[in-house]
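Undergrad: Please see the structure below; I have some questions.
What follows is calculated from the coordinates using simple rules that are stated; it is not laboratory data. Predicted, not measured: the structure shown is a model, and the values here were computed from it. A quick note on method: Cβ atoms are made from the backbone with ideal geometry, for glycine too, and the neighbour counts reach across all protein chains shown.
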2 protein chains.
Amino acid sequence: MPHLMLIKNVRPMAGDLTDVCVRGGIIEASAPAPDELANDTTVIDGHGAILLPGLVDAHTHIDKTFWGLPWQRHSAGPLLIDKIENERRLLRELNLSTYEQGLNQVRQAIRMGTTHIRTHVDVETEGKLASIEAIQKLKEDFADSVTIQIVAFPQRGMLTRPGTVELMDAAVAAGADLVGGIDPSSMERDPAGHLDAIFSIAERHGVGIDIHLHEPATLGAFSIELIAERTNVLGLQGRVNISHAFCLGMVDDASLGALTELLLEARISIMTHAPGYVAFPPIRRLHDAGVLICSGSDGIRDSWGPYGNADMLEKAMMLGIRSNFRRDEDLELTVQIITKGGASVMGLDGYGIEAGCEADFMLVPGETMAEAVVSRRARTLVVKGGKIVARDDECLV
Amino acid sequence: MPHLMLIKNVRPMAGDLTDVCVRGGIIEASAPAPDELANDTTVIDGHGAILLPGLVDAHTHIDKTFWGLPWQRHSAGPLLIDKIENERRLLRELNLSTYEQGLNQVRQAIRMGTTHIRTHVDVETEGKLASIEAIQKLKEDFADSVTIQIVAFPQRGMLTRPGTVELMDAAVAAGADLVGGIDPSSMERDPAGHLDAIFSIAERHGVGIDIHLHEPATLGAFSIELIAERTNVLGLQGRVNISHAFCLGMVDDASLGALTELLLEARISIMTHAPGYVAFPPIRRLHDAGVLICSGSDGIRDSWGPYGNADMLEKAMMLGIRSNFRRDEDLELTVQIITKGGASVMGLDGYGIEAGCEADFMLVPGETMAEAVVSRRARTLVVKGGKIVARDDECLV
């Protein structure tokens with residue numbers, strides 16, 4: 001890592017042309033002195049590109065991806081159980097390395113300008129903690145290239161598969177950063193029981209919660225009520241995220257208002273990956289009400305589906321397309337979601353491109369923020385903690 | 001244009017590796033003779049790329065795009081009238097050349113592998129036939145690089161703006177290939193009157209019809225009934241396309257069945273651009289029932305919205321994402337829609353990659369059809385009528 005780096009001719013947040021100086025991995029207000037410039041500085045010309053803070057992929061599953069493998073035909077049936085069984089079969093047959101596959105996706109994400117990832121990692125009675133351990137090692141090995149948060153995720157259910165609660169607890173004890181959960185009613189068949197179990201683990205270990213909630217309409221709304229109640233009682237305000245929350249795009253206006261109040265009171269954030277085929281949270285309305293929103297790739301080219309490329313700018317575009325955003329100010333909100341929104345949900349300190357922030361940023365050619373989102377040009381530079389991790393569309397780690 | 005062209009090492013429709021020979025603009029079954037190869041042949045190595053017939057963008061608005069201009073901020077309000085007035089204002093202020101702007105988009109489309117475009121072109125009392133004439137000239141000037149069909153399109157209404165019907169008739173007399181229409185009830189306020197007017201022009205000139213139908217649910221269904229009635233009575237079966245037809249994604253199952261029967265009887269095709277924010281036709285179900293489906297870019301980076309890049313492979317991906325297609329066979333249907341589906345709707349003769357077809361095709365690196373759709377790699381070669389019109393991601397015309 002160069003001690004001193006000068007990135008010339010960049011436009012922070014698509015603003016005016018300036019230079020950015022990085023010293024010891026931190027963004028600095030002042031330019032290097034002339035003698036420093038002569039001796040000790042890496043100088044890069046940004047050619048007028050837009051400088052954004054490193055993108056935040058706040059919800060993905062790097063333990064499941066087929067990225068980098070030969071194409072795997074998708075032939076699973078339409079039901080959830082078809083997809084879960086298909087996943088188990090494929091992962092068994094392919095005998096993949098979770099570490100290598102995770103790294104394939106992480107490298108693609110870095111190439112696309114992502115510096116922070118929150119990944120859910122399966123915890124289940126068959127593989128036990130193997131995936132958690134593999135991703136934990138990946139997280140440590142590449143700590144200077146990307147920040148990874150691990151959510152222990154009971155993909156196959158917890159109460160319905162004896163032994164999983166204990167494994168979830170062990171996963172957090174072993175270093176997982178958050179406790180995950182999934183559809184307390186529709187999958188787990190015991191909403192209070194499921195939520196009590198995961199909140200109990202969170203309380204015991206002092207970690208946050210990130211729960212998958214695909215449940216529709218009033219069923220999903222009921223789950224949000226239960227989650228908010230427990231968040232308040234246990235003092236976990238600001239540390240709970242609900243991922244997907246399709247129900248927020250399905251309930252009537254009065255219910256949405258009431259749920260918004262619950263989210264605000266418990267300071268629960270919402271993650272949406274802008275699903276293609278189902279209703280999803282009204283992000284402009286929730287954001288304007290004060291609810292923290294983040295986004296993520298979700299699964300990328302895995303047994304669940306063929307889509308995805310770990311490009312959070314493309315995800316911003318999808319948020320815009322699905323939300324019928326046409327105005328520049330609305331597309332700017334999508335950029336806010338994939339940067340500061342994700343950083344706030346992940347509780348990152350020192351995130352941003354102001355002086356004193358960690359030097360985690362990327363350059364993308366473009367005229368305006370909106371244009372950068374719709375054009376999604378190749379990233380010309382990605383810097384993590386002052387280290388160049390990608391350049392000219394190529395990951396260097 | 002080289003008389004003889006040999007494209008080596010390509011995989012037609014992602015199948016087995018082969019060579020493709022083009023003679024005089026036509027795909028040929030047999031390879032060139034050795035002496036021809038020595039003297040008169042352009043030989044290109046396809047490096048194992050997938051060979052697809054030229055992509056068909058069966059619905060766009062090349063007279064409106066800002067493509068190639070500095071970014072135009074989008075700030076129009078949410079109503080249809082806001083957007084129409086905003087468009088008029090912007091087009092007036094920018095004083096654009098319809099020809100140059102259309103060409104900007106056409107070049108981008110060619111770069112992305114599109115060889116056939118059906119574009120709607122505004123006909124209205126202010127500009128009269130100016131846009132039609134500009135695009136007509138573009139169509140003729142670039143006839144050997146791209147096939148363009150022109151739909152005379154009453155964007156601002158027809159019955160509600162006296163003089164427009166006569167201009168629509170004049171547009172077709174001047175060479176427009178089809179008659180367009182728009183929302184007979186919700187915009188024109190007189191469904192029978194609007195449809196009688198456009199069908200009358202179509203009958204008088206012996207051309208087909210392509211009508212924008214954004215009307216929702218039962219209102220849109222009523223319009224489809226009226227369109228089908230007129231199609232049958234006037235013997236226009238197989239020559240009428242309904243664009244958008246959001247209502248087909250909104251009505252109940254029984255109504256969808258009845259509407260499907262109407263579409264089949266009148267041989268009316270459906271165009272969907274996979275809108276992001278509104279229901280749209282269930283393409284797998286309609287296709288399996290025998291309804292012809294095509295797709296198109298719709299507006300690209302114009303006053304209506306910021307999105308779009310004229311990449312029909314990306315459009316195929318959007319069709320898949322919005323339809324919750326995950327299986328390879330479903331993604332293959334999206335490729336069928338952006339190739340043969342569009343070609344059938346446009347009534348193209350000699351379309352395809354079999355021997356005897358016009359040499360209109362493109363190469364895209366990829367493993368399978370599904371992978372090509374989700375990866376959308378840069379096109380390495382685009383050939384139109386035996387002429388190389390794009391190569392290595394660059395338009396050559």
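Undergrad: How many percent of the alpha carbon pairs in chain B exceed a separation of 39 Å?
TA: In whole percent, the long-distance tail amounts to 16.
Undergrad: Starting with the fewest neighbours, write out A:His205, A:His214, A:His194, B:His47 ranked by other beta-carbon atoms found within 10 Å of each beta-carbon.
TA: On the way: A:His205 16, A:His214 19, A:His194 26, B:His47 12.
Starting with the residue having the fewest Cβ neighbours, the order is B:His47, A:His205, A:His214, A:His194.
Undergrad: Treat each spin label as a single point 7 Å out from the Cα along the C-beta direction, and report the A:Lys137 to A:Ala31 distance in nm.
TA: Reported label-point gap for A:Lys137 and A:Ala31 is 4.8 nm.
Undergrad: Please report the antiparallel percentage of the DSSP beta bridges confined to the range A:7-114, to the nearest 5.
TA: 45
Undergrad: Moving on to the next point. Treating each Cα of the range A:215-323 as an identical point scatterer and ignoring solvent, apply the Debye formula and state log10 I(q)/I(0) at q = 0.21, 0.24 Å⁻¹.
TA: Evaluating at q = 0.21, 0.24 Å⁻¹ gives log10 I(q)/I(0) of -1.12, -1.34.
Undergrad: How many nm separate the modelled label positions at A:Glu100 and B:Ser255, each set 7 Å beyond the Cα in the direction of the Cβ?
TA: With each label point 7 Å from Cα toward Cβ, the separation is 5.4 nm.
Undergrad: Measuring from a point 7 Å out along Cα→Cβ, what nm distances, shortest first, does A:Gln237 have to its partners in the other copies?
TA: 6.9
Undergrad: To make sure I understand, if each residue's beta carbon is the centre and we count other beta carbons within 10 Å, what order do B:Ile268, A:Ile26 fall in, fewest to most?
TA: Details: B:Ile268 26, A:Ile26 15.
Least crowded to most crowded, the residues run A:Ile26, B:Ile268.
Undergrad: Something else now. Between the range A:338-397 and the range B:54-71, what is the C-alpha centre distance in whole Å?
TA: So the separation of the two Cα centres works out to 30 Å.
Undergrad: Counting only helical runs of four or more DSSP H residues, what would the 222 nm mean residue ellipticity of the protein assembly as shown come to if each run contributes -39,500 (n - 2.57) and the total is spread over all its residues?
TA: Details: 26 runs with 281 residues, N = 794.
About -10500 deg cm²/dmol.
Undergrad: In whole Å, what are the Cα extents of the protein assembly as shown along the three principal axes, biggest one first?
TA: The Cα atoms of the protein assembly as shown stretch 79, 62, 54 Å along the principal axes, largest first.
Undergrad: Just counting partner chain Cβ atoms within 10 Å, what average do the residues of peptide B:321-333 show around their Cβ?
TA: Working: counts 11, 5, 2, 6, 6, 11, 8, 6, 3, 2, 3, 0, 0.
Across the residues of B:321-333, the mean count of other-chain Cβ atoms within 10 Å is 5.
Undergrad: When ranked by the protection proxy of mean other Cβ atoms within 10 Å per residue, highest first, what sequence do the peptides B:109-121, A:270-282 form?
TA: On the way: B:109-121: 27.7, A:270-282: 21.1.
Top to bottom by mean Cβ count within 10 Å: B:109-121, A:270-282.
Undergrad: Would you mind telling me the antiparallel percentage of the DSSP bridges in the protein assembly as shown, rounded to 5? Intermediate values should be presented prior to the final figure.
TA: Working: 48 of 124 bridges.
DSSP beta bridges in the protein assembly as shown are roughly 40 percent antiparallel.
Undergrad: Considering only DSSP beta bridges with both partners in chain B, what is the antiparallel share in %, to the nearest 5? Intermediate values should be presented prior to the final figure.
TA: Working: 24 of 62 bridges.
So the antiparallel bridges in chain B amount to around 40 percent.
Undergrad: Over all Cα pairs of the range B:283-355, how is the pair count split among 10 Å bins, expressed in % and running from 0 up to the last occupied bin?
TA: Each 10 Å bin holds this share of Cα pairs: 19, 45, 30, 6, 0.
Undergrad: Also, I was wondering about something else. Quick one, can you get me the convex hull of the C-alpha atoms of the range B:26-158 expressed as volume per residue in Å³? Each step should come with its number before you reach the end.
TA: Values: hull volume 21.7 nm³, N = 133.
Output value, Cα hull per residue: 163 Å³.
Undergrad: Where does each of B:Asp35, A:Asp177 land when they are ranked from fewest to most other beta-carbon atoms within 10 angstrom? Can you show the working numbers first?
TA: Working: B:Asp35 9, A:Asp177 20.
So the residues, fewest neighbours to most, are B:Asp35, A:Asp177.
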